[in-house]
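Below: one structure, written as structure tokens.
The values are calculated or read from the model by the stated rules, or taken from the named source; none is laboratory data. In this text the structure is predicted, and so the values were computed from the model without any measurement. Cβ: placed from backbone, ideal geometry, glycine included. Neighbour counts: every protein chain shown. The protein model used for the area step is the full one, side chains on, heavy atoms only, and it has no ligands, DNA or RNA in it. Shrake-Rupley method; radii C 1.70, N 1.55, O 1.52, S 1.80 Å.
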Amino acid sequence: MAYSSLGFSLADLRNTGQSAPIGAWGGTLTLRINAQNTGASTIVEPLSLVPSSQVRSGPDGLPVPPYELPSSADAVGTGIGVYLVPAGRPLRRGVQIGTVAAPPLLQNSITQFDAEVALPSRPAGFPADGRYTIRLVANQSRSALEQTYRNNLSPPISVRILSTPATPQLRAVTLDVPQGLQPGDTVAPYIQVANLGTMGVPADTPVEVALVASTTPDFNLGSSIVAVYTLTNGIPGANAAPAPSFGHHFRRNIAASLKNNIVTPNNVVSIQGGNATLPTSPGKYYIGVVIDPENKLNLPNQPANRLELPQLVQTGNSSGLPASGVVSTVNDQPFPIPPDGVPIGVV
């Protein structure tokens with residue numbers, strides 16, 4: 001639509017987004033919103049050609065450069081209505097849970113931002129524990145003129161709302177060590193811990209994560225703690241980590257999607273452990289991860305006396321290769337000089 005009936009171009013707003021996969025009644029939920037203005041001026045507007053990144057506000061509050069004027073296709077001062085709707089129901093069967101202020105959207109532009117909304121107590125007639133959708137309504141109050149308001153409703157964004165109290169649920173999702181480990185090897189494990197619950201662990205609450213050796217996949221009196229690493233910066237809950245919908249088996253799929261993720265979600269913390277030497281006996285045992293091994297935090301919903309992500313360590317291997325592991329000294333030579341100081345190649 002080139003022109004409106006008023007004789008100039010208008011904005012055209014629409015939204016898409018993602019939601020944290022789970023939330024709890026009375027808690028909070030983080031959304032990642034993609035706000036888009038597909039409207040574009042088809043009229044020559046020479047005073048509206050200055051890129052927004054180059055527009056500044058002067059001491060008197062006026063724009064710099066002073067000749068800059070907004071385009072008739074820009075949209076400012078709009079709000080996005082956020083609705084919670086039972087899965088498969090129309091918007092009119094949902095409830096509004098908040099309004100998010102949208103950033104200024106210049107013509108033909110898109111921006112992404114995170115917003116936190118508060119979930120209400122369970123409304124009457126809503127399932128206590130079930131699947132819901134989030135619907136976003138762009139320019140809800142219609143404070144900005146648009147070409148059309150028919151595309152202001154976003155596609156449904158899946159989320160699951162739980163009736164259980166908000167609690168942290170810490171899980172080890174990555175244990176990266178060399179393959180073919182043998183007793184006595186030295187390793188530098190890479191560990192990732194995810195919080196799949198709807199409550200975060202505060203930053204002032206240390207969480208201990210142990211690398212444990214055991215003759216069985218259980219954490220019991222016969223187990224040996226090889227190394228302990230402490231997390232001190234807190235772990236946000238899954239309700240604060242926007243992610244694509246995973247469908248019905250969301251718990252299993254979330255954990256699987258977090259392993260070695262290129263972009264680490266904010267409910268996942270990574271540990272690059274220092275060198276740790278594994279026990280030299282017996283000839284066959286397991287190593288795995290145990291979170292809060294001494295039960296200092298009394299965390300609920302934790303695996304009961306089990307190693308997470310257990311891996312086998314045994315004498316000998318079928319590959320014919322020597323023992324794997326990290327056995328090295330710190331290189332104090334400037335690159336590209338090797339640790340022994342002897343240059344490689346032709347000098």
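Details
- Contour excess over end-to-end distance, with Cα ends at ARG306 and TYR149 and 0.36 nm allotted per residue: 51.0 nm
- Legend: calculated FRET efficiency, ALA188 to PHE335, from the Cβ-Cβ distance at R0 = 22 Å, rounded to 0.05, equals 0.60.
- Sequence of THR99, THR28, THR186 when ordered by accessible area, the most exposed leading, probe 1.4 angstrom: THR99, THR28, THR186
- Taking each residue as 0.36 nm, the span from SER141 to GLU208 lengthens on full extension beyond its C-alpha to C-alpha distance by 19.2 nm.
- Full-stretch length increase - GLU294, GLN314 - with 0.36 nm per residue and alpha-carbon distance subtracted: 4.5 nm
- ³J(HN,Hα) computed for each position of the range 269-276 - Karplus, 6.51 cos²θ - 1.76 cosθ + 1.60, integer Hz, glycine/proline x: 10, 10, 10, 9, x, x, 4, 9
- Surface composition of the range 127-243: carbon and sulfur atoms hold 53% of the protein heavy-atom accessible area at a 1.4 Å probe.
- Computed from the Cβ-Cβ distance with R0 of 35 Å, the FRET efficiency linking ALA128 to SER270 stands at 0.50.
- Distance between the range 172-227 and the range 83-152 - C-alpha centres, whole angstrom: 40 Å
- Computed label-point distance, nm, for sites PHE113 and THR38 using a 7 Å Cα→Cβ extension: 2.2 nm
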